[in-house]
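Below is one structure, written out as structure tokens; comments come after it.
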Ligand SMILES: *Cc1c(COP(=O)(O)O)cnc(C)c1O
């Protein structure tokens, strides 16, 4: 990765030596296709277009800030995942990354399954016609009411997250006279984020049941003994924004080892394993994500090899990508407002949104890129920090990036790769109106989630 100082001159000298940012791309007008959705390009006048529509037209029709989602890219990514894993595996889209009824219909049409982790997500999925048997229900604290609804709907699987939940789900299923298909979420002792994985100090968190000290084996014993449950497999999710397959390798090995122990103790070979989601995407040019077919091959090779050595039938694999499907398909469009140059430091560029539409920078120290998209520019690069309009100095959208020095109020800038965990984590802080999500495809744009209005705010305020 390149961290070399950029030759902008002495004005940025002290920050340049800190190296918290990447050097500017040789030409700021060039859009790195790694971070932009597939149909994004610049038109003859230099304006960014997506699905054949320029950002100026999109801003005029839908306003800013707004998320623009490249529908054909979303569908292509769904197909790439499902083709990569093939008919002997299942791809569950993790709805928490971004869920709406249109998204559910696309998933259904493209043959994917869906993970939900709340009653609200379940309602959205069912309302949009996702067959219940293609839905999996996650969460460390599902309420009794949520479990009831899931069981009544005939949901495909519930991923059990605790000893109490094993009993709770068994009870509810029995009361409904059904055997609920379930998996047990185990904590394999691996935590992976971005380029690293840690194989210790992992059990100290709220999800799952630890493999260590026989907890998971005990959970399996209890689940197998309860009439209301049909235990179909074991589940492991190790982290997020992962590039390195080593964490999955350890996880798969430990899960298969548990399947072998279950076979030895109970004489049953559980038919499925779920290896979770967490696959990384490119937020900046420095990220190099793997393609779905590489991931599929790596995972299935690991599982096949481990099963052969444990003399187990290879179980059906499922995976749960959220970010890797929706993340790269959308960008957030902002209008530039106040521009404040801080001599010797950097220039603060304020936009008409902020932490209310993208909390990830403040929450996870996430890296993003940004580009001037309403026009091109031949001006020198200037080091900027893109900030929002909220009453919080941590309200940062892009920590360090380069934009052309002639940037002016009224210009449109866009932050790519905001499809995942931006609208779904959006808030009303400062009574901000949450932005719309607009699907763009083949020269047509339509809001799939409309912009919130002040009437929406007042409607909830019933005092
Ligand atoms: C969050 C989550 C996912 C999806 O993670 P991504 O990083 O979006 O791929 C999948 N499975 C489980 C259990 C999760 O909690």
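A short reminder: the numbers here are calculations on the coordinates, not readings from a lab. Note that the structure is a prediction, hence the values are computed from the model and not measured. All Cβ positions, even for glycine, are placed from backbone atoms using ideal geometry, and neighbour counts span all protein chains on display.
List of remarks:
- Considering only beta bridges that DSSP places wholly inside the range 138-321, some 15 percent are antiparallel.
- Residue-span extension gain [residue 44 to residue 212] - 0.36 nm each, minus C-alpha spacing: 54.5 nm
- Principal semi-axes of the equivalent ellipsoid, √(5λ) from the alpha carbon gyration tensor of the range 138-321, are 28, 19, 15 Å from largest down.
- Estimated inter-spin distance, residue 196 and residue 101, nm [label 7 Å along Cα→Cβ]: 4.5 nm
- What the Kirkwood sum gives for the chain is a hydrodynamic radius of 23.5 Å, with every pair of different alpha carbons counted.
- Between helix 246-266 and the chain: long-axis angle, C-alpha atoms, 0 to 90°, nearest 10: 10 degrees
- For the chain, the longest principal axis of the alpha carbon atoms and the long axis of helix 144-153 meet at an angle near 80°.
- Between residue 57 and residue 297, the C-beta separation translates, for a Förster distance of 45 Å, into a calculated FRET efficiency of about 0.60.
- Label-to-label distance for residue 380 and residue 257 is 5.8 nm, based on points extended 7 Å past Cα in the beta-carbon direction.
- Here the chain carries DSSP beta bridges of which approximately 45% are antiparallel, counting only pairs with both residues inside.
- Taking 0.36 nm per residue of separation and subtracting the current Cα-Cα distance, fully stretching the chain between residue 83 and residue 316 would add 82.4 nm.
- Centre separation in Å (Cα based) which lies between the range 375-416 and the range 226-242: 43 Å
- Against the chain, whose longest principal axis comes from its Cα atoms, helix 71-85 is set at around 40 degrees.
- Remark: spin-label model distance residue 27-residue 392 equals 3.9 nm, labels positioned 7 Å along the Cα→Cβ axis.
- Paramagnetic reach from residue 304 in the range 82-104 [backbone N under 15 Å; point 7 Å along Cα→Cβ]: 84-89
- Three-way shape call for the range 321-400 based on the alpha-carbon gyration tensor, with the a/c threshold at 1.5: oblate
- Extension reserve of the residue 446-residue 342 stretch, reckoned as 0.36 nm per residue once the Cα distance is removed: 33.5 nm
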